[in-house]
Amino acid sequence: MAADVKPEAGTPARKKSSLPLVIAVLVLIAGAGGAWWFLKPKPAGDGKPAAQAAAARAAAIYYKFDPAFVVNFGSEGNSRYLQITLEAMSRDQGVIDAIKNNEPAIRNDLVLLYSAQQPEALLAPEGKEKLRQATLDAVRKTVVAEGARAEAVEAVYFTSFVIQ
C-alpha cells in the first residue's frame, strides 16, 4: 500500500486552479453567441420589424373614380376639353372607404383644378406629371380632413388622358 503523503505543516496544499477552464468556457460561449448573431437570418423589409415589413407589403387597393372627369378649359376663344380617367391607390381599406365616402368633395376639387389648366402645359410629360401631383395633393387634402394620414393615399394614376 502506498503511504499517504501529507504536506508539511507550513506549506499550503497544491490545488489545481480552475480559472483557465472558466475563461475558456466563457470565450467559447461568447464566440458561439457572436456567430449566431452575425449568421442569423435577416428580416425582410430593410431591417424593419416583422410587423412593419408585413404592413409595407400589404396589397395595393385601387379606387376608380367613375365616371371619368370631363372639363372644358383654356382661353375663351380657344376652348378645349380634357377627359381624365383617374384611380387612387392605398394599402388601407379604411382610406379607400374615406375616398369613396367623400367622392363628391374630391370630384369638386378636381373639376376646379382641371378646368384651371392651360392646354399647352398639359401637352408635355412634365405638365401631366405636375397635374398628377396636384391631383394627389387634392385627394390627400380631403382624406386628411377625414382623419387619415396624407401618406395613406400613396398615388393617383391617370389611366386615360385625352385633350381635344
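Annotations
- Of the listed requirements (1) surrounded by 13 or more Cβ atoms within 10 Å (Cβ to Cβ); (2) more than 21 Å from Q164 (Cβ to Cβ), T85 misses just one: (2).
- Residue within region 68-75 that is over 13 Å from T142 (Cβ atoms), of a type in the set (S, T, N, Q) and either modelled with pLDDT under 95 or out of contact with any Ser or Thr (no Cβ under 6 Å at 6 or more places or on another chain) (or both) present: yes
- Residue-level analysis places A145 among those that are within 20 Å of F65 (Cα to Cα) and among the small types (G, A, S).
- Qualifying residue in region 70-83 (condition: in contact with a Lys or Arg (Cβ under 8 Å, 6 or more places away or on another chain) and in a strand (DSSP E or B)): yes
- Remark: E146 matches the filter, which requires a residue to be without any contact (Cβ under 8 Å) to a residue 60 or more places away in the chain, in the same structural domain as G74 (by TED's automatic domain parsing) and surrounded by 13 or more Cβ atoms within 10 Å (Cβ to Cβ).
The values are calculated or read from the model by the stated rules, or taken from the named source; none is laboratory data. Here the structure is a predicted model, which is why all the values come from computation and not from measurement. Note that each Cβ is placed from the backbone with ideal geometry, even for glycine, and that neighbours are counted across all protein chains shown.
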